[in-house]
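Have a look at the structure below before the remarks.
The values are calculated or read from the model by the stated rules, or taken from the named source; none is laboratory data. Everything numeric in this text was worked out from a predicted model, so none of it was measured. Cβ: placed from backbone, ideal geometry, glycine included. Neighbour counts: every protein chain shown. Just so you know, the surface numbers come from the protein's heavy atoms only, side chains and all, with ligands and any DNA or RNA stripped out. Shrake-Rupley method; radii C 1.70, N 1.55, O 1.52, S 1.80 Å.
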Amino acid sequence: MREIVFDTETTGLSPAAGDRIVEIGCVEIYNRVETGRHFHAYFNPERDMPSEAEAVHGLTAIFLSDKPRFSEKAEELIEFIEDAPLVAHNATFDFGFLNWELERCGRPPVCMSRMVDTLSLARSKHPGAKHSLDALCMRFGIDRSQRIKHGALLDAQLLAQVYVELTGGRQIGLGLVADTASVDIRQSKGPVTTRERREPRPHAAAAEELERHRAFIAQLVNPLWERFVGVG
(Lines give C-alpha, C1' and ligand atoms only; values in the text may rest on other atoms or scores of the structure.)
Protein backbone atom coordinates (compact mmCIF):
# COMPACT_ATOMS: atom_id res chain seq x y z
CA MET A 1 0.00 0.00 0.00
CA ARG A 2 1.25 3.46 -0.91
CA GLU A 3 1.32 6.06 1.88
CA ILE A 4 2.74 9.55 2.22
CA VAL A 5 4.43 10.66 5.43
CA PHE A 6 4.55 14.44 5.64
CA ASP A 7 5.39 17.37 7.89
CA THR A 8 4.92 21.11 7.69
CA GLU A 9 6.62 24.17 9.13
CA THR A 10 4.53 27.29 9.64
CA THR A 11 4.62 30.88 10.82
CA GLY A 12 2.53 30.00 13.87
CA LEU A 13 -0.20 27.84 15.28
CA SER A 14 -3.41 29.00 13.62
CA PRO A 15 -4.21 29.45 9.92
CA ALA A 16 -7.41 31.21 10.94
CA ALA A 17 -5.24 33.87 12.60
CA GLY A 18 -3.28 34.40 9.40
CA ASP A 19 -0.46 31.89 9.88
CA ARG A 20 0.85 30.14 6.76
CA ILE A 21 2.83 27.08 5.72
CA VAL A 22 6.43 27.95 4.92
CA GLU A 23 7.78 24.44 4.26
CA ILE A 24 6.40 21.01 3.48
CA GLY A 25 8.19 17.69 3.20
CA CYS A 26 6.58 14.48 1.93
CA VAL A 27 8.12 11.00 1.87
CA GLU A 28 6.64 8.13 -0.13
CA ILE A 29 6.50 4.69 1.46
CA TYR A 30 5.17 1.51 -0.09
CA ASN A 31 4.25 -1.39 2.17
CA ARG A 32 6.05 0.45 5.00
CA VAL A 33 9.30 0.78 3.00
CA GLU A 34 10.67 4.13 1.81
CA THR A 35 10.86 4.26 -1.98
CA GLY A 36 13.29 7.18 -2.15
CA ARG A 37 10.70 9.49 -3.75
CA HIS A 38 9.88 12.69 -1.93
CA PHE A 39 8.38 16.13 -2.39
CA HIS A 40 9.92 19.16 -0.68
CA ALA A 41 9.24 22.87 -1.02
CA TYR A 42 9.68 26.18 0.78
CA PHE A 43 6.95 28.81 0.41
CA ASN A 44 6.84 32.57 0.60
CA PRO A 45 4.21 33.19 3.32
CA GLU A 46 3.62 36.77 2.15
CA ARG A 47 3.88 37.96 5.74
CA ASP A 48 6.46 38.44 8.49
CA MET A 49 8.07 35.59 10.40
CA PRO A 50 7.42 35.72 14.16
CA SER A 51 10.57 35.25 16.23
CA GLU A 52 9.00 32.33 18.11
CA ALA A 53 8.43 30.39 14.88
CA GLU A 54 11.86 31.28 13.50
CA ALA A 55 13.44 29.90 16.68
CA VAL A 56 11.78 26.52 15.99
CA HIS A 57 12.64 26.01 12.32
CA GLY A 58 15.23 28.69 11.55
CA LEU A 59 13.45 29.96 8.43
CA THR A 60 13.67 33.72 8.07
CA ALA A 61 11.48 36.10 6.09
CA ILE A 62 14.53 37.03 4.00
CA PHE A 63 15.24 33.39 3.11
CA LEU A 64 11.63 32.80 2.10
CA SER A 65 11.16 36.05 0.21
CA ASP A 66 12.19 34.59 -3.17
CA LYS A 67 10.46 31.25 -2.72
CA PRO A 68 7.25 30.35 -4.64
CA ARG A 69 3.84 30.89 -3.12
CA PHE A 70 1.90 27.81 -2.05
CA SER A 71 -0.53 28.26 -4.95
CA GLU A 72 2.36 27.99 -7.41
CA LYS A 73 3.34 24.52 -6.11
CA ALA A 74 -0.11 23.22 -5.19
CA GLU A 75 -0.62 21.22 -8.39
CA GLU A 76 2.78 19.54 -8.06
CA LEU A 77 2.01 18.66 -4.44
CA ILE A 78 -1.42 17.24 -5.31
CA GLU A 79 0.08 15.12 -8.09
CA PHE A 80 2.64 13.71 -5.65
CA ILE A 81 0.28 12.77 -2.84
CA GLU A 82 -2.44 11.48 -5.20
CA ASP A 83 -5.10 9.65 -3.15
CA ALA A 84 -2.72 7.99 -0.67
CA PRO A 85 -3.27 8.03 3.10
CA LEU A 86 -1.33 10.89 4.69
CA VAL A 87 0.69 10.18 7.83
CA ALA A 88 1.69 13.00 10.18
CA HIS A 89 2.59 13.55 13.82
CA ASN A 90 -0.20 15.46 15.55
CA ALA A 91 -1.88 15.20 12.17
CA THR A 92 -4.82 17.51 12.86
CA PHE A 93 -2.35 20.41 13.00
CA ASP A 94 -0.75 19.62 9.64
CA PHE A 95 -4.07 18.72 7.99
CA GLY A 96 -5.56 21.98 9.23
CA PHE A 97 -2.83 24.04 7.60
CA LEU A 98 -2.69 21.93 4.43
CA ASN A 99 -6.44 22.17 3.82
CA TRP A 100 -6.47 25.87 4.62
CA GLU A 101 -3.80 26.48 1.99
CA LEU A 102 -5.52 24.26 -0.57
CA GLU A 103 -8.88 25.97 -0.11
CA ARG A 104 -7.20 29.38 -0.20
CA CYS A 105 -5.97 28.68 -3.73
CA GLY A 106 -9.23 27.14 -4.90
CA ARG A 107 -8.31 23.48 -4.48
CA PRO A 108 -10.48 20.87 -2.75
CA PRO A 109 -9.35 19.93 0.76
CA VAL A 110 -7.88 16.54 1.61
CA CYS A 111 -10.51 14.26 3.14
CA MET A 112 -9.88 13.73 6.83
CA SER A 113 -10.54 9.99 6.39
CA ARG A 114 -7.08 9.83 4.79
CA MET A 115 -5.43 11.06 7.99
CA VAL A 116 -3.12 8.76 9.96
CA ASP A 117 -1.92 10.33 13.22
CA THR A 118 1.29 8.86 14.63
CA LEU A 119 0.77 10.80 17.86
CA SER A 120 -2.44 8.88 18.50
CA LEU A 121 -0.71 5.62 17.57
CA ALA A 122 2.14 6.35 19.99
CA ARG A 123 -0.22 7.26 22.83
CA SER A 124 -2.15 4.05 22.29
CA LYS A 125 0.92 1.84 22.08
CA HIS A 126 2.99 3.53 24.81
CA PRO A 127 0.61 5.24 27.27
CA GLY A 128 2.26 7.46 29.82
CA ALA A 129 5.49 7.78 27.85
CA LYS A 130 6.82 10.84 26.00
CA HIS A 131 5.44 11.06 22.48
CA SER A 132 7.40 13.85 20.79
CA LEU A 133 9.23 12.97 17.58
CA ASP A 134 12.56 13.22 19.42
CA ALA A 135 11.34 10.92 22.20
CA LEU A 136 10.05 8.34 19.73
CA CYS A 137 13.30 8.39 17.78
CA MET A 138 15.15 7.70 21.02
CA ARG A 139 12.74 4.88 21.92
CA PHE A 140 13.25 3.13 18.58
CA GLY A 141 16.96 3.85 18.18
CA ILE A 142 16.51 6.12 15.16
CA ASP A 143 19.42 8.48 14.44
CA ARG A 144 18.24 12.07 14.85
CA SER A 145 21.69 13.66 15.14
CA GLN A 146 21.03 15.93 12.14
CA ARG A 147 17.88 17.37 13.69
CA ILE A 148 19.29 20.60 15.08
CA LYS A 149 16.10 22.51 14.28
CA HIS A 150 12.75 21.39 12.92
CA GLY A 151 12.80 20.79 9.16
CA ALA A 152 9.83 19.44 7.22
CA LEU A 153 11.66 16.96 4.98
CA LEU A 154 14.04 15.66 7.65
CA ASP A 155 11.19 15.33 10.14
CA ALA A 156 9.09 13.46 7.57
CA GLN A 157 11.99 11.08 6.95
CA LEU A 158 12.40 10.46 10.68
CA LEU A 159 8.66 10.09 11.12
CA ALA A 160 8.54 7.49 8.34
CA GLN A 161 10.92 5.33 10.39
CA VAL A 162 8.92 5.93 13.56
CA TYR A 163 5.70 5.00 11.75
CA VAL A 164 7.18 1.69 10.62
CA GLU A 165 8.12 0.89 14.22
CA LEU A 166 4.70 1.88 15.53
CA THR A 167 2.98 -0.38 13.01
CA GLY A 168 5.00 -3.55 13.38
CA GLY A 169 8.69 -2.78 13.13
CA ARG A 170 11.29 -3.12 10.44
CA GLN A 171 10.41 -6.78 9.81
CA ILE A 172 6.77 -6.10 8.97
CA GLY A 173 5.75 -8.15 5.97
CA LEU A 174 8.59 -10.60 6.50
CA GLY A 175 7.44 -13.89 5.03
CA LEU A 176 8.75 -17.42 4.97
CA VAL A 177 9.60 -19.05 1.67
CA ALA A 178 6.90 -21.60 1.01
CA ASP A 179 8.95 -23.73 -1.36
CA THR A 180 12.61 -24.02 -0.45
CA ALA A 181 13.29 -25.58 -3.81
CA SER A 182 12.60 -22.19 -5.42
CA VAL A 183 15.46 -20.49 -3.57
CA ASP A 184 18.42 -19.84 -5.83
CA ILE A 185 21.48 -20.98 -3.88
CA ARG A 186 23.67 -18.91 -6.20
CA GLN A 187 22.58 -15.89 -4.19
CA SER A 188 24.71 -17.16 -1.32
CA LYS A 189 27.80 -15.06 -0.69
CA GLY A 190 29.94 -18.05 0.31
CA PRO A 191 30.68 -21.47 -1.14
CA VAL A 192 27.84 -23.96 -1.07
CA THR A 193 28.70 -27.21 0.71
CA THR A 194 26.76 -30.30 -0.31
CA ARG A 195 26.62 -33.06 2.29
CA GLU A 196 25.67 -36.66 1.72
CA ARG A 197 22.47 -37.83 3.35
CA ARG A 198 23.01 -40.11 6.33
CA GLU A 199 20.51 -42.70 7.47
CA PRO A 200 19.08 -42.03 10.95
CA ARG A 201 20.80 -43.89 13.75
CA PRO A 202 18.74 -46.55 15.63
CA HIS A 203 17.31 -45.27 18.92
CA ALA A 204 15.87 -48.49 20.38
CA ALA A 205 17.52 -49.76 23.58
CA ALA A 206 19.73 -52.82 23.26
CA ALA A 207 18.87 -56.04 25.14
CA GLU A 208 21.62 -55.51 27.74
CA GLU A 209 20.42 -51.96 28.36
CA LEU A 210 16.90 -53.22 29.00
CA GLU A 211 18.23 -55.82 31.44
CA ARG A 212 20.21 -53.23 33.41
CA HIS A 213 17.11 -51.07 33.57
CA ARG A 214 15.00 -53.92 34.99
CA ALA A 215 17.69 -54.67 37.58
CA PHE A 216 17.73 -51.01 38.64
CA ILE A 217 13.93 -50.85 38.96
CA ALA A 218 13.91 -54.04 41.10
CA GLN A 219 16.07 -52.28 43.70
CA LEU A 220 13.57 -49.49 44.32
CA VAL A 221 11.62 -49.67 47.60
CA ASN A 222 7.87 -48.90 47.45
CA PRO A 223 7.98 -47.13 44.08
CA LEU A 224 5.26 -44.56 43.51
CA TRP A 225 3.67 -46.23 40.51
CA GLU A 226 2.86 -49.41 42.46
CA ARG A 227 0.25 -47.43 44.39
CA PHE A 228 -1.79 -47.15 41.23
CA VAL A 229 -1.55 -50.72 40.00
CA GLY A 230 -5.09 -52.02 39.41
CA VAL A 231 -6.63 -48.56 39.94
CA GLY A 232 -9.09 -47.39 37.31
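Across the accessible surface of the range 23-163, with the other protein chains kept in place and a 1.4 Å probe, carbon and sulfur atoms take up 51 percent. Per residue, the accessible area of the range 44-161 comes to 54 Å² when a 1.4 Å probe rolls over the protein heavy atoms. Site pair Glu208 and Ser132 shows an inter-label distance of 7.6 nm when each label is modelled 7 Å from Cα along Cα→Cβ. Taking only the Cα atoms of the range 44-179, the radius of gyration and Dmax are 17.5, 63 Å.
Taking the Cα centre of the range 73-168 as reference, the dipole from Cβ charges on Lys and Arg (+1) and Asp and Glu (-1) amounts to some 500 debye. Under 18 Å of direct C-alpha separation, and excluding same-chain neighbours fewer than eight residues apart, Lys125 reaches these aspartates and glutamates: Asp117, Asp134, Glu165. A simple spin-label model places the labels of Val221 and Glu52 8.8 nm from each other, with each point 7 Å out along Cα-to-Cβ.
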